[in-house]
Amino acid sequence: MGIEDRQGAGWPARSHDEVRALLTAPGGLFEMETVTIRGVPTRTWKNAPPTLRALLDASRAHDERLMTIHEDERVSYAAHARAVATLAAELAARGVRAGDRVAIAMRNLPEYPAALFAITALSAIAVPLNAWWSGEELRYALDDSGAQTLIVDAERHERLIPLYGLLRHLRDVLVARAAGTLARPAVALESLIGAPARWGSLPERRLPEAVLAPDDAAVIFYTSGTTGRPKGALGTHRNLTTNIMSSAYAAARTALRRGEAPPPSTPRVMLTAIPLFHVTACSAALMGAVASGSTLIFMRRWDPVGAMELIQRERVAVTGGVPTIAWQLLGHPERGRFDLSSLESIAYGGAPAAPELARRLHEELGVWPQNGWGMTETMATVTSLAAEDYLARPESAGLPVAVADVIVTDEGGAPLPPGAVGEVRARGPMVVAGYWKRPDATAETFVQGWVRTGDLGRLDDDGFLYILDRAKDVVIRGGENIYSIEVENVLQAHPAVSECAVIGAPHRVLGEEAVAVVRPVAGCHVEEAELQQWVRERLAAFKVPAAVRFTAEPLPRNENGKILKRELKGLFRERFAA
């Protein structure tokens, strides 16, 4: 089946310029207005909720609709709102004030969004911490953020017990789901708000008074820290609520391109397979779900069979997160046992996706693929790509949403023409205020409203973005640039390849050469020479990996789903030792 057949004879019904003009017309849902943010005039969504507190207040209208499902716990929007108001009052009584940092360290639980909304409703700053971090890594971020209060689950609490005495600022620890008696400074969160199953019986109460504005600080998300210590990206209320409108705009754009009316905001069941300490889950997924009254299902840990069981039982409409999840659903040998017909779309971002993935999702699962590009420093969505547009440009990261601008620049920051490769820069109301307590890094990365991403990419004539590589990951072989994602996409299209990564290895004459690590599909066997020939038939000869190493284990990734390429160098010891 050709791409034209999959898209339909009448596609596209409208150009992107026509769609943008229709959607952003004055008086419409996606009307824009210009607001000065940190001295820079910025296009914003006029109808976005101004703050997370306003979003919480609006969510009360969802009443008894389910907000979260976690194992056998089901929490309605009404129960969630009661828990948030109760926790906010308790935090205020314990001394939390505007601008104070309150850290959250737990896996995805119903308590997580309750804590996030309670903290930010007080005009305090929530600090979601990586639940996979060691105790020492957690200690670093707690000290760096200056958090005085920590809301933590039992597992993270156990990691921190030996370190509490070393923390300079922490004075209050609220532990969710503790198994036994707690020692100071810890108290059981349930003693303050009860267990999630009982939130519906909490008394109705008003939130404590607080003064909030859209550009007030709301969160500190720590970058993934692939090199050096993580930096805290200081996000605002506007950063987070922008994603609500951006996601809705992207869906409306897809419908108009197809010649259909924009879909109404309807509740859907969403399987949230990535952690809430990641902006994709917290900003792009959670905020939109709360706005629409959708239901979020939390898994203790990602498991493809468990996910398919949930999709079948709960009639899940949307899942995804990172491309790995989509690949595992596609390739799982037990997929045929489950009814996955409720799935409408699988969305992912946070890591490069092979072009083959979009086609296979549509052809094999019957779902529309969705992709996008953003980063911690943009609180998620800058560009979006879905459905027919994705199938037409499967190597693209998408088109900017209407309030975002994306340019590609040379080393001096001058914009480059379409087709030229350079550093990607983005601006818009989703760009964070800077790095917490890092004025030098802030000045280097955020320039007159633009965020310097460190990604290398290009724009086509229609404004679609193509991410080619991280600047530091380009392999320069004899003066020729090899963009690892280009080679990875070709390798990933081989039927025996489950996942792969291309890195640069030192070479005495050429400076560097490309080498690849491949994890084969379970039960498949493939030789190095076969993969090299596969690449040679599709790319220039200098891009063919000089060596391929195979591993049966999943490739190492950070919490954002990005492959930790530095950890793969050990598979090429002879080359790095030469």
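The residues of the chain expose on average 41 square angstrom of accessible surface per residue, using a 1.4 Å probe on protein heavy atoms.
If each DSSP helix of 4+ residues adds -39,500 (n - 2.57) and the sum is divided by the residues in the chain, what number results at 222 nm, nearest 500 deg cm²/dmol?
Working: 18 runs with 161 residues, N = 578.
Helices in the chain give a 222 nm mean residue ellipticity of -8000 deg cm²/dmol.
With a cut-off of 15 Å on the backbone N, the residues of region 440-466 near the modelled label site 7 Å out from His16 along Cα-Cβ are 458-466. Packing, taken as the mean count of other beta carbons within 10 Å per residue, orders the peptides 318-324, 431-437, 494-500, 528-534 from highest to lowest as 318-324, 431-437, 494-500, 528-534. For the pair Glu480 and Ala496, the difference between a 0.36 nm per residue extended length and the Cα-Cα distance amounts to 2.9 nm.
Mind ordering 298-308, 158-168 by average Cβ neighbours within 10 Å, highest first? Walk me through the intermediate numbers first.
Details: 298-308: 16.4, 158-168: 14.5.
Ranking the peptides 298-308, 158-168 by packing returns 298-308, 158-168.
Sorted by average packing, counted as other Cβ atoms within 10 angstrom per residue and highest first, what order do 393-406, 186-199, 274-287 take? Don't skip to the answer; put the middle values down first.
Details: 393-406: 22.2, 186-199: 17.7, 274-287: 25.9.
Going by the mean number of other Cβ atoms within 10 Å, highest first, we get 274-287, 393-406, 186-199.
The mean sequence separation of alpha-carbon pairs under 8 Å and at least six residues apart, normalised by the residue count of region 253-309, gives a relative contact order of 36 percent.
From Cα pairs below 8 angstrom and at least 6 apart in sequence, can you work out the relative contact order of the chain, rounded to a whole percent? Kindly include the intermediate steps, with their values, before the conclusion.
On the way: 1205 pairs, mean separation 65.8, N = 578.
Computed value for the chain: 11 percent relative contact order.
Given Cα pairs under 8 Å that are at least 6 residues apart, what percent is the relative contact order of region 213-319? Don't jump to the answer; show the numbers that get you there.
Working: 133 pairs, mean separation 25.5, N = 107.
The value is 24 percent.
Taking label points 7 Å from Cα along the Cα-to-Cβ direction, Arg184 and Glu209 give a separation of 3.3 nm.
Can you pull the percent of the chain's accessible area that's carbon plus sulfur, 1.4 Å probe, other chains left in place? Carbon-and-sulfur percentage of accessible area, whole number: 50. Extension gain for Glu530 to Ala261 (0.36 nm times residue separation, less C-alpha to C-alpha distance): 92.0 nm. Maximal additional length on extending the Ala547-Asp143 stretch stands at 141.1 nm, based on 0.36 nm per residue less the C-alpha distance. Panel note: the C-alpha atoms of the chain, placed on their principal axes, show extents of 68, 56, 55 Å (largest first). The separation of region 98-149 from region 532-578, counted between C-alpha centres, amounts to 36 Å.
The values are calculated or read from the model by the stated rules, or taken from the named source; none is laboratory data. These numbers come from a predicted model, not from an experiment. Neighbour counts run over all protein chains shown; Cβ positions are idealised from the backbone, glycine included. All accessible areas refer to the heavy atoms of the entire protein, side chains included, with ligands and DNA or RNA removed. Shrake-Rupley method; radii C 1.70, N 1.55, O 1.52, S 1.80 Å.
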